[in-house]
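Asks: What follows is a structure written as structure tokens; I'll ask about it next.
The values are calculated or read from the model by the stated rules, or taken from the named source; none is laboratory data. None of these values were measured; they are calculated from a predicted model. Cβ coordinates were reconstructed from backbone atoms using ideal geometry, including for glycine residues, and neighbour counts include every protein chain displayed. Heavy atoms of the whole protein, side chains included, go into the accessibility calculation; ligands, DNA and RNA do not. Shrake-Rupley method; radii C 1.70, N 1.55, O 1.52, S 1.80 Å.
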Amino acid sequence: MSLEDSVDPVCYRHADRVTYVSCSRCGNHICPECMIPAAVGFHCPGCVAEGRASTRTVREFKPYVTYALITACAAVQVLGQLGLGTTSGWVQEFSLFPAGIALYGEYYRLITAVFVHSGWLHLGMNMLVLWIMGRSLEAAIGRVRMLTLFLIAGFGGAVASYWFNGPLVAGVGASGAIFGLFGAVFMVGREMRMNTQEVLSLIGLNLLIGFIIPGVDWHAHLGGLVTGALVGWTLIPRRPRALQLLGPLVALAVLVLLVQARTPMIITELKTSGVIHS
């Protein structure tokens, strides 16, 4: 037995008090005076103070990026109704339509589809989730990271849809990007040693809904979730600056390569099915 093992642990704030109880969040040993009951075990005064400060920060922080994204999606819906008409115009022009991307180079659809929705109910459900999650996540990682995460996760969801759906299957909506936020929230929660069981339950429930309800593009959900989790992990503020810069760039490069690899396959599928002729 080493000398370190033979020494009784003491409270991190009161060195004269032996204790075998530790904070369930940071692991510091705490005496009865410093024990603050928590949902699981006890927390130390430092962790409790940090949690209160984080709560105040979230309340005072203005999530302008979240507001802007919701406004952009709503504006597209309104303009579509007033102008071309959502179903017959803007959806056809800006949806994720693999055949249009592969044949005519309409790669913009991989991003514009994120901001187009099939109707007001579709828009409302996505924006409600964005409002609930976006504000706290933006406060935790910052505005630039939040915008970067949303766009790359949305792109990741679109790439998954591009790969696994048929060439003539169109898709719209911010669901892939929102699932990316789910993945990032989970990663941030784990980094902060928070209980992420609730987040996992929400992810599982929403994925299940995507499998059950007909017409829901669950490929985009999974693609966005994986992309958001990976990129979100690199964007946690305490990560090295180089990782925060390289993580999104590497993810973006991989997604672009996946698009380029899929495009000739789609053209071959269209030729095989007789939609186009050689």
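Asks: Pick from segment 130-142 the residues that are open to solvent by less than 40 Å² (accessible area, probe 1.4 Å), closer than 22 Å to L207 by Cα and aliphatic (A, V, I, L, M): which of them is modelled with the highest pLDDT?
Replies: L130
Asks: Also, quick follow-up: Return yes when L123 is surrounded by fewer than 19 Cβ atoms within 10 Å (Cβ to Cβ) and assigned to a helix (DSSP H, G or I) and no when it is not.
Replies: So L123 fails the test.
Asks: So how many residues does segment 237-261 have that are farther than 22 Å from A140 by Cβ and either over 24 Å from the mean Cα position of the chain (by Cα) or exposed (fewer than 12 other Cβ atoms within 10 Å of the Cβ) (or both)?
Replies: 4
Asks: Could you list, in sequence order, the residues of segment 100-111 that are open to solvent by 20 Å² or more (accessible area, probe 1.4 Å), part of a helix (DSSP H, G or I) and at pLDDT 95 or above?
Replies: Within segment 100-111, I111 is the sole residue that qualifies.
Asks: Looking at segment 230-263, which of its residues are of a type outside the set (A, V, I, L, M, F, W, C) and touching a residue at least 60 places away in the same chain (Cβ under 8 Å)?
Replies: Of everything in segment 230-263, those that are of a type outside the set (A, V, I, L, M, F, W, C) and touching a residue at least 60 places away in the same chain (Cβ under 8 Å) turn out to be G232, P237, Q244, P248, R262, T263.
Asks: I need the full set of residues from segment 240-275 which are out of contact with any helix residue (DSSP H, G or I) (no Cβ under 8 Å at 6 or more places or on another chain) and under 26 Å from G180 (Cα atoms), in order please.
Replies: P240, R241, A242, L245, L249, V250, A253, V254, V256, L257, Q260, A261
Asks: Here is a further query. Only one residue in A38, A49 is at pLDDT below 85 and open to solvent by less than 40 Å² (accessible area, probe 1.4 Å). Which one?
Replies: Every option except A38 fails the conditions.
Asks: When you go through (1) open to solvent by less than 20 Å² (accessible area, probe 1.4 Å); (2) over 17 Å from A220 (Cβ atoms) one by one for R145, which number turns out not to apply?
Replies: Evaluating R145 over (1) open to solvent by less than 20 Å² (accessible area, probe 1.4 Å); (2) over 17 Å from A220 (Cβ atoms) leaves (1) as the failure.
Asks: Which of the following residues is under 24 Å from C26 (Cα atoms) and of a type outside the set (D, E): V188, V169?
Replies: From the options V188, V169, the qualifying one is V188.
Asks: Has segment 198-208 got at least one residue that is within 30 Å of R25 (Cα to Cα) and among the small types (G, A, S)?
Replies: Yes, that holds for at least one residue.
Asks: Of L225, L230, L205, L181, which residue is over 17 Å from G247 (Cα atoms), in a helix (DSSP H, G or I) and not small (G, A, S)?
Replies: L205
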